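Working notes, beginning with the structure itself.
The values are calculated or read from the model by the stated rules, or taken from the named source; none is laboratory data. Keep in mind it's a predicted model, so treat the numbers as computed, not measured. Virtual Cβ from ideal backbone geometry, glycine too; neighbours counted across all protein chains shown. Heads up: the accessible areas ignore ligands, DNA and RNA and are worked out on the full protein's heavy atoms, side chains in. Shrake-Rupley method; radii C 1.70, N 1.55, O 1.52, S 1.80 Å.
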Amino acid sequence: MISYSPEEICRILNGRYFPGTHPPAEIRYLLTDSRKLTEPGQTLFFAVRGDKRDGHSFINELMKAGVKAFVVTDQKVVTSGADFILVDDSLAALQLLAASHRKRFDFPVIGITGSNGKTIIKEWLYQLLREDYSIVRSPRSYNSQVGVPLSVWQFAAGYNLGIIEAGISLPGEMARLQKVILPDDGIFTNLSSAHDENFESRIQKVDEKLKLFSQSKRLIFCRDHSVIHDRILNSGLIPANIRLFTWSTKVKADLQIGRIVKEDGKTTIKGVCNNEFVNIAIPFTDDASIENAIHCWAWMLMNQYEQEKIVTRMALLTPVAMRLELKDGINNCSIINDTYNSDFGSLQVALDFLEQQKLYRKKTLILSDILQSGQKKEVLYADVAALLAQKQISRLIGIGPDLSSQAKLFGCEATFFPDTDAFIAAFYSLTFNQEAILIKGARAFGFEKITQLLQRKVHTTELEVNLTAIENNLKVYKSRLLPQTRIMCMLKAFGYGSGIHELAGLLQFHKVDYFAVAYADEGVELRRAGITTPIMVMNPEIQSFDLIIRYQLEPEIYNFRLLGALAEEVKRHNQEFPFPVHIEFDTGMKRLGFDPSELKQLIVRIKNYKQLKVVSVFSHLAASNEEIHDEFTRKQIESFSHLCDEFQVHTATKPLRHILNSAGIMRFPEAQFEMVRLGIGLHGIASLEQEQKFLLPAATLKTTISQIRQVKAGESVGYSRRYIASKDMTIAITGIGYADGFSRSLGNRKGVMLVKGKTCQVLGSVCMDMTMIDVTGIEVHEGDEVLVFGNGLPITEMAARANTIPYEILTGISQRVKRIYFQE
């Protein structure tokens, strides 16, 4: 990697240089996210201001971690303890530095944009071309205003082809990315409705994306997207002499697709190019994969690859792992499965995900050789060793000859095997117990066999939790808040059924301000799992006060009995500082909380209890999601505001105030106060239909078909013979029942499931461990997947059929149902 001095970077950025008292750092790494620090002594941190976070607030933390160089926009943070570069805009400076770095390299770069398929095309081009080129490419989906410059910063001597993807959501963004990427070749994938709301029209969106190719030499696109085709020809945004390579299934093009045949899990695509018949076969049958593969095919044809080589390589395309999976493992371990690719960039991403798992102190990495990296193995694995040391990996299990040959580089506990079979042969002599295990391997090593050994063998019914969706939903709600408004995330009821440890680790990684749990036991679990974020206990019991104090939890106090008992317990513990408590007022819910008539007595008691400190006061809205009750809701908010004013005046304190829940955040933004509480919205369930389009459902419940049976007309199905067949039919017995959380109220044609995208009614009574569904006319087999709720069958529909609410569905999913967590 090329290194830069801070002074050299300052010249590139036209900034003001404030050197520290120490020798200047040698900059090799750029950082915008303080949580992803790897090499502090060689890192330059860009303090970027966002809607909710200001990078300047993390400078002290990073200096303590050893970072010695910063790009900032606020001169007040400059100290002599590090090198500072003062600029007008940190994000623009990041892009300017990356653009300057890009110009040092003359190897060709492919730039990819469009609404869908960018990452798949980039990864498939890598698979198809890696035998011919040493390729540098964007890690995963690094295609944003920050991700693109970080991707281009990877450019180094030894590479001879770059593949970079670029995505935008607002006008003006692509022009900035074009200067960073400077693509020689372009691929415009397609156009969908994503981010339409931010553009005046589809034409404006296409024009914005086309700015990526304003200096390109060649451009590949599908003529069937008429808006794209028209704007390429008529917008004037791309060079007049650019070489266009088109493909189409409908009209004349450079690659004219004549026939697409799907059978036996593969697709054969036949066409004509340069007046010659050409064809490929790919091991996929979905339309998106076909479109992505043709884009890749077009690039190879444009570069005059031999037909035989194209056919051979296309047939070997493998799925691109778009997600990291977290599963329960043997002996109380957690398994993170990332077994489809292995390169340094994706290893960094996977280790960041591993770092979020706070439940285990011991962290094991099972790693294969990193294939076709373009680096000498001594240099590559020295970087890997440094990364593992920085991430405090406890144990490395290395598999492959190259990694084994560099064993001396690794300072942690390490064991090496020449291949996967050798590891499997030794598996039962190794110990795996109460640790987090990241399995990271190139597909050629067949690490799925290792995953099968380490994964706990449990019930086939699974609840998939999309952590990327949780992140998206958090961002959506943050966007509705003022920059200074804090967020308390609700983790009660096993994190709404989705897993308390995993959600807490993710949300702490994203620096939410508070957690709330129902009982002290849940808070203790989180503390033992390494969670340090403040935790409010909403249903404290007097007998749990000792645990609450010892584990630094913060109880909600809703009556004088709890208040007096806690004050005595705190006094008994000889607390050095006042102990934090949260006071709840009842403003109309008629559940827990001090009544407004008790305010004066409460103020007197609080003033007398010097050992307690009120850190927040709050109340619950009874019907914030229902417009019919808006007048009542506003009265609650008004009453709460008055109570808070009185409390603050007479106690001379300024505790945080919060009353809004997920629905309230969307519907009553004027009542944010200092904090809001985010619960069901975090899981992608909105109270307003117009808001649902911005949220991503996080949970998907799946099971499998255990058996298929033929039922004749007149025969009964299930207990109490509640269903009598009116005709001959085929039924499937699924592996989910009321003990898993599938309500008995969904029995006898009230509930439905999806099999191969088709709706299947529940027949007869729901049993404890299984449920029967009607699959008549559907080609199904034992072991096929069944969707209980998720994409195509929303949890809200299931809740409506069960005459309940999504909260009850989620929290009712049994602990015996396996949770699988993944991050895209």
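How far apart, in nm, are two points set 7 Å out from the Cα along the Cα-to-Cβ line at Asn60 and at Val311?
6.8
Assuming R0 = 30 Å, what is the FRET efficiency of Asn332 and Arg744, from their Cβ-Cβ distance, to the nearest 0.05?
Taking R0 as 30 Å, the efficiency between Asn332 and Arg744 is 0.35.
Can you give me the relative contact order of the range 432-574 as a percent, contacts being Cα pairs under 8 Å and 6 or more apart?
15
Want the number for Ser5 to His22: 0.36 nm per residue separation, take away the alpha-carbon distance, what's left?
Stretched out fully, the Ser5 to His22 stretch lengthens by 4.8 nm.
If you take every residue apart from Glu471 with its C-beta less than 14 Å away from the C-beta of Glu471, what net charge results, scoring Lys and Arg +1 and Asp and Glu -1?
Local charge sum for Glu471: +4.
Cut-off under 19 Å on the C-alpha distance; same-chain residues fewer than 8 positions from Lys590 excluded. Which lysines are left, in chain and number order?
Here the lysines satisfying the reach criterion relative to Lys590 are Lys635.
Could you give the alpha-carbon Rg of the range 414-489 over 2.2 N^0.38 Å, rounded to two decimals?
Normalised Rg, Cα atoms only: 1.74.
Past the 28 Å Cα-Cα mark, which pairs from Lys363/Lys449; Lys36/Lys327; Lys209/Lys702; Lys179/Lys270; Lys118/Lys449; Lys217/Lys377?
Lys209/Lys702; Lys179/Lys270; Lys118/Lys449; Lys217/Lys377
If you take every residue apart from Phe579 with its C-beta less than 15 Å away from the C-beta of Phe579, what net charge results, scoring Lys and Arg +1 and Asp and Glu -1?
0
Using only C-alpha atoms and all pairs of different ones, pull out the Kirkwood radius for the range 726-816 in Å with one decimal.
Mean inverse Cα-Cα distance, inverted, gives 13.2 Å.
Please list Lys363, Lys613, Lys122 from largest to smallest accessible area, probe radius 1.4 Å, with all protein chains kept in place.
Order by accessible area, largest first: Lys613, Lys363, Lys122.
Give me the log10 of I(q) over I(0) for the range 380-434 at q = 0.12, 0.22, 0.32 Å⁻¹, as the Debye formula computes it from C-alpha points; what are the numbers?
-0.28, -0.87, -1.26
In Å², what does the accessible area per residue of the range 671-781 work out to with a 1.4 Å probe?
Per residue, the range 671-781 has an accessible area of 45 Å².
Would you mind calculating the gained length between Ser479 and Ser192 on full extension (0.36 nm times residue separation, minus the Cα-Cα distance), in nm to one decimal?
101.0 nm
Given charges of +1 on the Cβ of Lys and Arg and -1 on the Cβ of Asp and Glu, with all other atoms neutral, how large is the dipole of the chain about its Cα centre, in debye to the nearest 20?
Computed charge dipole of the chain: roughly 300 debye.
Put +1 on the Cβ of each Lys and Arg and -1 on the Cβ of each Asp and Glu in the range 241-297; which of Ile269, Pro283, Trp247 then has its Cα farthest toward the positive end of the dipole?
The residue sitting most towards the positive pole is Trp247.
Mean separation of Cα pairs under 8 Å and 6+ residues apart, divided by the residue count of the chain: what relative contact order is that in percent?
8
Of the beta bridges DSSP finds with both residues in the range 244-360, what % are antiparallel, to the nearest 5?
Expressed as a percentage, antiparallel bridges in the range 244-360 total about 90.
Relative contact order of the range 254-398: what whole-number percent is it, with Cα pairs under 8 angstrom and at least 6 residues apart?
For the range 254-398, the relative contact order is 14 percent.
Direction-averaged shadow area of the convex hull around the Cα atoms of the range 461-615, nm²?
11.1
Output the antiparallel fraction of DSSP beta bridges having both residues in the chain, as a percent to the nearest 5.
40
Projecting each Cα onto the charge dipole of the chain (Lys/Arg +1, Asp/Glu -1 at the beta carbon, about the Cα centre), which of Gln575, Met63, Gly114 comes out farthest on the positive side?
Gln575
I need the helices of the chain that pass two filters: whole DSSP H segments spanning 15 Å or more by Cα along the axis, and mean Kyte-Doolittle score no lower than 0.0.
Taking the DSSP H segments of the chain (at least 15 Å long, mean hydropathy at least 0.0), we get 90-102, 118-129, 287-302, 344-356, 377-390, 560-572.
With a sphere of radius 15 Å drawn around the Cβ of Ala25, what net charge do the other residues whose Cβ falls strictly inside it have (Lys, Arg +1; Asp, Glu -1)?
After counting each charged neighbour, the total is -3.
At a 1.4 Å probe radius, carbon and sulfur cover how many percent of the accessible area of the range 505-658?
48
How large is the accessible surface per residue of the range 497-643, computed with a 1.4 Å probe and reported in Å² as a whole number?
Accessible surface, normalised per residue, equals 45 Å².
For Arg11, Arg667, Arg744, write out the residues from largest to smallest accessible area, computed with a 1.4 angstrom probe and no ligands counted.
Per-residue accessible area, sorted high to low, gives Arg11, Arg744, Arg667.
How big, in percent, is the set of alpha carbon pairs in the chain lying more than 48 Å apart?
For the chain, the share of Cα pairs beyond 48 Å comes to 27 percent.
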